[in-house]
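I have placed the structure first, in the form of structure tokens, so that the comments after it can refer back to it.
The values are calculated or read from the model by the stated rules, or taken from the named source; none is laboratory data. Values in this document were obtained by computation on a predicted structure and should not be read as measured data. A quick note on method: Cβ atoms are made from the backbone with ideal geometry, for glycine too, and the neighbour counts reach across all protein chains shown. When the accessible area is computed, the model is the full protein with side chains, heavy atoms only, and any ligands, DNA or RNA have been set aside. Shrake-Rupley method; radii C 1.70, N 1.55, O 1.52, S 1.80 Å.
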Amino acid sequence: KIPYILNRNINTLVNAKRIEDAETHIINLHRDYDGKLAIAVTSHEDTFRTWNQYSFSTEELLEVVWKFLSEKDVYISANGFWNNRRRLVDLRHLKAFVIDLDYYKTEQYAKKSQEEMYNLLLKKEKKFFEKVGYPSFVVNSGKGIYMIWLIDSAPYMALPLWQLCMDELFKKFEDYGADPRAKDAAHVYRVCGSKNSKNGQVVKFLKNKIEKDIYTLDHFRIQLLPNNFEKYLSKKERDDLKKKNGKKRKMTQRELSARQTASLFTTHMLHHKRILDLQRLVKLRNYEITGCREQLLFYFRYWNCCFVKDTDRSLEETVNLNNM
């Protein structure tokens with residue numbers, strides 16, 4: 001499907017700085033990526049507002065992004081996909097963590113500008129940023145802030161670990177107005193150079209320095225989750241210690257926390273595997289699920305809710321599966 005935007009004559013002139021910011025945003029986010037990324041546009045007509053979503057490779061999008069910027073609201077996915085669909089089951093590579101900070105919705109910080117809010121975060125959460133790392137770049141979304149940590153491309157199999165780390169990041173900034181919907185790996189965000197139709201402001205960089213701020217997923221695992229949680233003491237190891245010392249050694253708080261996190265990780269991964277299993281089952285049956293469709297969709301939505309913790313997003317995923 002060719003976007004109607006590419007087929008029409010656009011009379012709106014787009015500032016060169018806006019085009020440059022959009023291209024920088026795309027290149028930084030989807031560097032060296034040969035898969036598909038999603039771009040979405042809202043078109044504002046006289047009486048209605050429409051949502052149109054398309055898929056491009058990085059090179060294709062860089063050639064036409066200036067045409068999309070003529071629309072007021074333009075969004076881009078932070079992660080890449082196998083195909084033209086923007087669903088968790090179609091994820092290919094994980095490229096970043098994004099915290100969408102709607103601080104203007106909080107009573108305490110509502111009157112601050114984006115620059116003031118980010119400087120406040122740098123002061124109040126200095127120890128956290130020094131431990132975990134500063135964002136690769138920060139974006140003024142027109143009303144709020146996007147804090148974006150770039151990661152070396154991780155495969156979709158790492159989604160359960162990515163989700164656990166994302167949940168921890170969200171908890172850290174929840175009191176500052178972090179949007180829970182942004183915890184979804186298939187979420188889209190405003191692209192730099194576009195306009196926010198709510199107040200007419202241009203989306204732009206607050207911090208745009210990424211020379212050394214590209215992390216690995218393992219870095220976030222170590223910094224956000226209990227260290228080496230996969231190496232917690234097994235029952236056999238504890239029994240061996242008991243035989244050796246004559247009594248069972250009491251686990252330290254760190255070991256206990258690590259073991260609980262490992263259990264959580266295993267459960268989290270299981271939910272993701274069940275989602276993929278159902279998707280595969282539907283495909284193997286050539287999408288003919290007569291007699292058990294309702295039950296299958298129930299389980300699909302239930303495990304989606306457990307995994308993404310977003311009922312609206314899980315409903316959207318379930319409706320997409322049902323339509324297939």
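A few remarks follow.
- Pair list, Cβ < 6 Å and 6+ apart or interchain, from the stretch 56-81 residues that are crowded, with 22+ Cβ neighbours inside 10 Å to residues that are in a loop (DSSP other than H, G, I, E, B) and aromatic (Phe, Trp, Tyr): 80/33
- When 160, 155 are screened for being of a type outside the set (A, V, I, L, M) and open to solvent by less than 20 Å² (accessible area, probe 1.4 Å), only 160 passes.
- Strands (runs of 3 or more DSSP E) fully within the stretch 80-191 counting 2 or more residues that are at pLDDT below 90 and not polar (S, T, N, Q): 91-101, 145-155
- The residues listed here are 134, 109; of these, the one that is over 27 Å from residue 34 (Cβ atoms), open to solvent by less than 30 Å² (accessible area, probe 1.4 Å) and aromatic (Phe, Trp, Tyr) is 109.
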